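*Asks:* I have a structure I would like to understand better, so I am pasting it below and will then ask my questions one at a time.
The values are calculated or read from the model by the stated rules, or taken from the named source; none is laboratory data. Since the model is a prediction, treat every value here as computed from it, not as a measurement. No Cβ is skipped: glycine too gets one built from the backbone with ideal geometry, and neighbour counts run over all protein chains shown.
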Amino acid sequence: MPNASPIVLVHGFFTQIEAPDGTKNWGRFHGDLAQKLRLQGHEVYTASVGPFSSNWDRACELYAQIKGGRVDYGENHSAHHGHKRFGREFPGLFPQWGEVVDGQIQKVHLIGHSMGGPTSRMLAQLLAHGTAGATIAESPESHPLFSGGKNWIVSITTIASPNQGTTLMDRFFDVADLMESVVAFWFSIKGVSGAKPGMDPQLDQWNIYPYTKDEGVPAYLHRVMTSRMFAPGFKDIAPWSLSTHGAKEENLWVTTLPNVFYFSFSTECTVYNTAKDGAPLYATTKFDKLCISKSLRTFSKIMASNFTTKTRRLPESWRANDGMVNTESMEHDGYGPALDFKGQSRPGHWMRLPIIKHVDHASIVGGQKAVDPSELFFAHTALLTSLPLNAEGITSVIAPERMVKRLFAAIESLTNREPPLIVVPERESKLLGFMNIFKLKRQRNIV
């Protein structure tokens, strides 16, 4: 039967559900997308997980936020990585999640932008199979999240997600150097200055939280910078999960589950130079004219360079990107079966939607005035309601033709829109700031 399961929106790296200026991450310049979806008749919740945390820690936080209760990062995981086992406590966005009501298990749809996609997939894996296959296992009796046997998710949608990692994170030295720069940048402008933090780092498990005047700057800096999370080669942090090495390690045990529907939306803002005979040579190091985010152009250049193909030895197709993630990585996890979506959905398979061209990483969730993605979300969430609540024993589901046409029309509209008259964004990405720190610290040529 068709379902009306709640939709949970899961944000990505260095992002939270609300920006310092009060705009929402989901919708940003085009209004609160969650509220717009509610007006379409959906039950929608927005999660707020650690913007710098690993997929594991974020998945544990996501579980507690949806179900309610105190975050448990796992006894063995926490001891191995050297942080607190327990985190914040939440009342629950959807406390009845997993309960049986009128003979039906209460499930959810997860929609993740960027890192929110892999985080959602890890949560689904933990629910279904606990920590089986993970590098560090937890006792199934230690917490309900680790006990397995929970088919609580109808579908997972990944939007511009690094399902196989991003070479942008591979490029930025080692994990410790990257995270130290990120945290130092953030607190230098939001914490130590005494200003109200514009972002909650949600790193309580690491004893990292905003500076207070009572503590004093020297003590504060010592507390932050002596954290184990800055150790060389450290893995329990976002940049490792986002790297191609980290994603591959996680994907060895975070599988494509047979009773979950998977959809992937991919974005691309690179164009190709061609040889005289028309054969593609390489992605350009500039965004095309419809991609207006200046702050992402440098990142696009890195991913479109020979670093991706020669240093990382990835196929030429990995040069294409949206300024933050390689487009090839967005389509699937590299292990599970993948099919082009043409109106028929198969559980346990990645259903790939057509690549949305000329749309960068931020624009796909409303981060630029020139691009309004609202109709794309309206069309896709309408399609999600046509999926069966229980996919067990189902090989495929054919969506109503009108829903399929609407979804493809929304994709085509974004890809074929007219170029903006003004191509200067009103607000640059916060990422530009801390990436400039890297330039000052280490100058490296990009070939």
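Quick grid of which residues meet (1) aromatic (F, W, Y); (2) farther than 24 Å from G117 by Cβ; (3) under 22 Å from the mean Cα position of the chain (by Cα):
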residue: I66; (1), (2), (3): no, no, yes
residue: Y73; (1), (2), (3): yes, no, yes
residue: F86; (1), (2), (3): yes, yes, no
residue: P91; (1), (2), (3): no, yes, no
residue: Q96; (1), (2), (3): no, yes, no
residue: E99; (1), (2), (3): no, yes, no
residue: G103; (1), (2), (3): no, yes, no
residue: Q106; (1), (2), (3): no, no, no
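*Asks:* Next question. Here is a list of conditions, (1) assigned to a helix (DSSP H, G or I); (2) touching a residue at least 60 places away in the same chain (Cβ under 8 Å); (3) among the hydrophobic types (A, V, I, L, M, F, W, C), and A79 meets all of them except one; can you say which number that is?
*Replies:* Among (1) assigned to a helix (DSSP H, G or I); (2) touching a residue at least 60 places away in the same chain (Cβ under 8 Å); (3) among the hydrophobic types (A, V, I, L, M, F, W, C), the lone unmet condition for A79 is (2).
*Asks:* Being of a type in the set (D, E, K, R) and either buried (at least 19 other Cβ atoms within 10 Å of the Cβ) or at pLDDT below 95 (or both) is the filter here; which residues of segment 222-251 pass it?
*Replies:* R223, R228, K235, D236, E250
*Asks:* When you scan segment 105-124, do you find a residue that is more than 25 Å from L9 (Cβ to Cβ), of a type outside the set (S, T, Y), in contact with a Phe, Trp or Tyr (Cβ under 6 Å, 6 or more places away or on another chain) and surrounded by 19 or more Cβ atoms within 10 Å (Cβ to Cβ), even just one?
*Replies:* no
*Asks:* A further question on this structure: Just need a number here: residues in segment 307-349 that are among the acidic types (D, E), over 20 Å from the mean Cα position of the chain (by Cα) and at pLDDT below 95.
*Replies:* Total meeting the criteria: 1.
*Asks:* Okay, next question. Within segment 258-294, which residues are at pLDDT 65 or above and among the polar types (S, T, N, Q)?
*Replies:* N259, S264, S266, T267, T270, N273, T274, S293, listed by residue number.
*Asks:* I'd like to verify a number: residues in segment 234-274 that are hydroxyl-bearing (S, T, Y), in contact with an Asp or Glu (Cβ under 6 Å, 6 or more places away or on another chain) and in a loop (DSSP other than H, G, I, E, B), how many?
*Replies:* Residues that pass the stated criteria total 2.
*Asks:* So which residues in segment 192-211 are part of a loop (DSSP other than H, G, I, E, B) and at pLDDT 65 or above, if there are any at all?
*Replies:* D200, P201, Q202, N207, Y209, P210, listed by residue number.
*Asks:* Let me ask another. I need a count of the residues in segment 343-390 that are part of a strand (DSSP E or B) and on the phi > 0 side of the Ramachandran plot.
*Replies:* Qualifying residue count for the region: 0.
*Asks:* I need the full set of residues from segment 297-316 which are within 14 Å of T244 (Cβ to Cβ) and not in a loop (DSSP other than H, G, I, E, B), in order please.
*Replies:* I302, M303, F307, T308, T309, T311
*Asks:* Step by step: first the residues of segment 311-341, then only those that are charged (D, E, K, R) and touching a residue at least 60 places away in the same chain (Cβ under 8 Å), then the one that is farthest from V359 (Cα to Cα). Which residue is that?
*Replies:* So, considering only residues that are charged (D, E, K, R) and touching a residue at least 60 places away in the same chain (Cβ under 8 Å), the one farthest from V359 (Cα to Cα) is R312.
*Asks:* Moving on. Kindly list the number of the only condition in (1) among the polar types (S, T, N, Q); (2) surrounded by 22 or more Cβ atoms within 10 Å (Cβ to Cβ); (3) assigned to a helix (DSSP H, G or I) that fails for S5.
*Replies:* Failed condition: (3).
*Asks:* Collect the residues in segment 148-163 that are part of a loop (DSSP other than H, G, I, E, B) and either touching a Leu at 6+ places or on another chain (Cβ under 8 Å) or crowded, with 24+ Cβ neighbours inside 10 Å (or both), keeping them in residue-number order.
*Replies:* Correct list: G148, K150, N151, W152, A160, S161, P162, N163.
*Asks:* Quick one: count up the residues across segment 355-375 that are in contact with a strand residue (DSSP E or B) (Cβ under 7 Å, 6 or more places away or on another chain), surrounded by fewer than 22 Cβ atoms within 10 Å (Cβ to Cβ) and modelled with pLDDT of 95 or more.
*Replies:* Residues flagged as in contact with a strand residue (DSSP E or B) (Cβ under 7 Å, 6 or more places away or on another chain), surrounded by fewer than 22 Cβ atoms within 10 Å (Cβ to Cβ) and modelled with pLDDT of 95 or more within segment 355-375 amount to 1.
*Asks:* Quick one: which of R402, R352 is buried (at least 16 other Cβ atoms within 10 Å of the Cβ) and modelled with pLDDT of 95 or more?
*Replies:* Numbers: R402 fails: buried (at least 16 other Cβ atoms within 10 Å of the Cβ).
Only one candidate passes the filter, namely R352.
*Asks:* Of everything in segment 295-331 that's basic (K, R) and in contact with a helix residue (DSSP H, G or I) (Cβ under 6 Å, 6 or more places away or on another chain), which residue is surrounded by the fewest Cβ atoms within 10 Å (Cβ to Cβ)?
*Replies:* Selected residue: R312.
*Asks:* Okay, moving on. Does segment 13-31 contain any residue that is surrounded by fewer than 21 Cβ atoms within 10 Å (Cβ to Cβ), part of a helix (DSSP H, G or I) and hydrophobic (A, V, I, L, M, F, W, C)?
*Replies:* yes
*Asks:* Considering only segment 99-146, state which residues are assigned to a strand (DSSP E or B) and under 27 Å from N25 (Cα atoms).
*Replies:* Answer for segment 99-146, where residues must be assigned to a strand (DSSP E or B) and under 27 Å from N25 (Cα atoms): V108, H109, L110, I111, G112, H113.
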